[in-house]
Structures are given as structure tokens and as C-alpha cells.
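Notes follow once the structure below has been shown.
The values are calculated or read from the model by the stated rules, or taken from the named source; none is laboratory data. Only a predicted model underlies this, so the values are computations on that prediction, with no experimental measurement involved. Cβ: placed from backbone, ideal geometry, glycine included. Neighbour counts: every protein chain shown. Heads up: the accessible areas ignore ligands, DNA and RNA and are worked out on the full protein's heavy atoms, side chains in. Shrake-Rupley method; radii C 1.70, N 1.55, O 1.52, S 1.80 Å.
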Amino acid sequence: MRIASKAAPIRFEGVSKKFGKDVLAVDNIDLAVDAGKLVTLLGPSGCGKTTTLRMIAGLEMATSGRITIGEVDVTALPATDRDVSMVFQSYALFPHMNVLENVRYGLTFSGLGKEEARSRALQGLELVGLKGFDGRLPSELSGGQQQRVAVARALVLEPQVLLFDEPLSNLDAKLRRQVREDIRAIQQELGLTVVYVTHDQEEALAVSDEIVVMRNAAIAQIGTPRELYDAPNDRFVADFIGEANLIECQIVELDGSTALIEIEGYRHRLPARGLSLGPATLAVRPSRIVLGCDAGVHATVAKATYVGVRMEYTLEGGFGQVFAVQDDVDNPLEVGTTLRMSFAAKGPVLLPGEA
């Protein structure tokens, strides 16, 4: 027997959610999640991502708009009538039940025979790498193992949609990396439709087919991890997805789709992205800053930090302050060093100037 995938697409059409008269938690969003894809809702606290997830689950009801799962309009359906499973941040395991009983619990309400439910629960545990753990209590497991039990409990129900609400926030950094890789591998192996909520940018980049960046109850940008990292639409997305230095500049020349920018006399060419002559913002990832070059902006090393695999530098100049990284840990720059700083040919992105 194999756990089956009934992956279904999700659609939001003009969906809003209000709490009371004044609190608009989600504001008229349109969203499409394709069947078999892992889509992450990413944003700061209070942006509306968890409310959006809970509306898919039926734990919150939309104030307006339409939600469909597959071909079914679920907008007004209660959670019990939606073919959806959810993995919570807190694991929500029953402490008095062993691992097998926890995983099998939801199946006891599905009409399966006792032996079939047991067989499916054991298969779920094997799928998440916990074969042989069925007789243990949750208190005898690590945090990462408990989260895998919670995933197995959701998977054995064979839902159309699997939801994750900040599933790794209670784990340490090493376990977070391991469990997110496990979740991604299971999702891809079974072809599941997954909606995943996190505020951790690295986590979102690592697990997602597509990321929905949310801000102030609305969608700021949707794209693949690489699209959002390499081509953010605005300052918020650039600064929120990974680390970005935002430097004010002037577009002094346009040649087709290429712009020539100037920062304190230093000039650099890059895609214009539809912008006009005048003030703009340059978004530069720390790894795309070039230090110690022949031509560039004057900068001084204000901080130098060794973190094992790389050096991290804070540089200051007339442009403000920027953060840069270098792989050369054997020849670090000393604090107080004055040098020229420029930008890699590929990577820096032009954004509209600060309003």
C-alpha cells in the first residue's frame, strides 16, 4: 500500500477577511496555487499570511470573495468538510498516546478498519523516517522527531491540500535545515499541494516552488525563489527576501533597456527595468559588492567579523552604510581600511527611488 496523492489546486478570487469592523487582516487578494506545488506565504508578523492559511483550512471564514479547492467552492464550508490537513507549529501531539496511536488517530474517524488504519500509520512513519518509533511516547522524542510525527499524522489522511503553519519555529537551526529538507522531499515524492507559512526568508527560499510575499494584508509580489531574490519589485521585497543593501543613486543615461547610474561619481551599467532618468534605488546583495577594486566608491571598513566560512564587513561612506561578505578568510580587511567599492556585473537591481 502507498499513501496516495489527491493533490488539488487552490484559488482565491478577491478574498478579504475582516475581524470586527476595523481590522482588515486580508485585503482583496487573488491567488492561485497549482496542484502538486509547494507555495510559501512569507511576510512579517501581522501581514495576513496565517489568516490566509486558516481560510484555506476553514478555521477562518472569508468576509468576501471566493475560495476553491479543486473544483469545489469551499468559501462557506466548515473545516470538517474540506479535504485539508494542517501541521501546526506546536505539533499538537497527544502526550498520553504513543507515536503509532497519534498518527492513527485521525484515521479512526475515516471508516477504515483497525488493521488498515494501523498499516497506513506505520507506512506514514516509515515515510518520515521514523520506522520503529511507533511504541514511543512524544516525550521520548526530540523536537524534530515530534514534528515528523505531526507530518505523518497529516499525510496518512491523504488530503487534497496539506498546510504548514510555521512548522520549524520551535527547532534549533540544524534541525530546522534537516526537517525542511525532509518536508520538501516528501512533498516532491508524493506530488502534494502544500501551502507553507513562515517568516523565515531562508526557509522560504529553500523549500518553495513559489513564494507569495505579503505586506499589510495584501500581496506584494509572487514569484519563484530566484525571481524574487534576483528581481524584486520594490524596496520592501528586496530587503525582506534575503539581505539587500539599498543605495540611493541617479540614472544619468538610458540606452534602450540599459541604464547608466551614478553614485558619488562612480558609474555602473545595469538593466533599466522600465525606470526613467533621475533618482532611483540600487539593491545590492552583500555577495555582489566588490571590495578593493581600481574604480568605485570610496568606503571605509567599520566592522570586520569572522564567521568561519566567510568574512562579514560593514562599510561606511558618503552613500551611507552597507553590508558585504567575502569568502577570503585568510586575508581579512582590517577595521579602518579605506578602499574602493564597486558592484558585480550581474546581481545589482534598480528599483524606484524612495518616495
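Some notes on this structure:
- Within the stretch 11-29, being assigned to a strand (DSSP E or B), without any contact (Cβ under 8 Å) to a residue 40 or more places away in the chain and over 14 Å from residue 216 (Cβ atoms) holds for one residue alone: 19.
- Search result, residues across the stretch 93-146 that are open to solvent by 40 Å² or more (accessible area, probe 1.4 Å) and among the basic types (Lys, Arg): 104, 114, 118, 131, 136
- Residue 112 over 20 Å from residue 194 (Cα atoms) and within 29 Å of the chain's Cα centre (by Cα): no
- Checking every residue in the stretch 50-71 against the condition of being in contact with a helix residue (DSSP H, G or I) (Cβ under 6 Å, 6 or more places away or on another chain), assigned to a strand (DSSP E or B), among the aliphatic types (A, V, I, L, M) and closer than 18 Å to residue 157 by Cβ gives zero matches.
- Candidates 153, 176 - the one that is basic (Lys, Arg), open to solvent by 50 Å² or more (accessible area, probe 1.4 Å) and within 27 Å of the chain's Cα centre (by Cα): 176
- Within the stretch 290-306, the residues that satisfy the criterion of being over 16 Å from residue 247 (Cβ atoms) and at pLDDT 95 or above are 301, 303, 304, 305, 306.
- Residue satisfying all of: in the stretch 222-257; β-branched (Val, Ile, Thr) and part of a strand (DSSP E or B); farthest from residue 321 (Cα to Cα) among these: 222
- Neighbours by Cβ (under 8 Å, 6+ apart or cross-chain): first from the stretch 322-333, closer than 24 Å to residue 283 by Cβ; second basic (Lys, Arg): 325/310; 326/310; 327/310
- Condition met for residue 254 (without any contact (Cβ under 8 Å) to a residue 40 or more places away in the chain and crowded, with 18+ Cβ neighbours inside 10 Å): no
- If you go through the stretch 141-184 and keep only what is of a type in the set (Ser, Thr, Tyr) and in contact with a strand residue (DSSP E or B) (Cβ under 9 Å, 6 or more places away or on another chain), you end up with just 169.
- Hits in the stretch 147-164 - residues which are among the hydrophobic types (A, V, I, L, M, F, W, C) and on the phi > 0 side of the Ramachandran plot: none
- Among the residues examined, residue 217 qualifies as at positive phi and either β-branched (Val, Ile, Thr) or crowded, with 17+ Cβ neighbours inside 10 Å (or both).
- Selection from the stretch 180-221 of residues that are in contact (Cβ under 8 Å) with a residue 60 or more places away in the chain, touching a helix residue (DSSP H, G or I) at 6+ places or on another chain (Cβ under 9 Å) and assigned to a strand (DSSP E or B): 194, 195, 196, 197, 198, 210, 211, 212, 213, 214, 215, 220
- Pick from the stretch 298-344, criterion farther than 16 Å from residue 268 by Cβ, β-branched (Val, Ile, Thr) and part of a strand (DSSP E or B), ranking: most open to solvent (accessible area, probe 1.4 Å): 338
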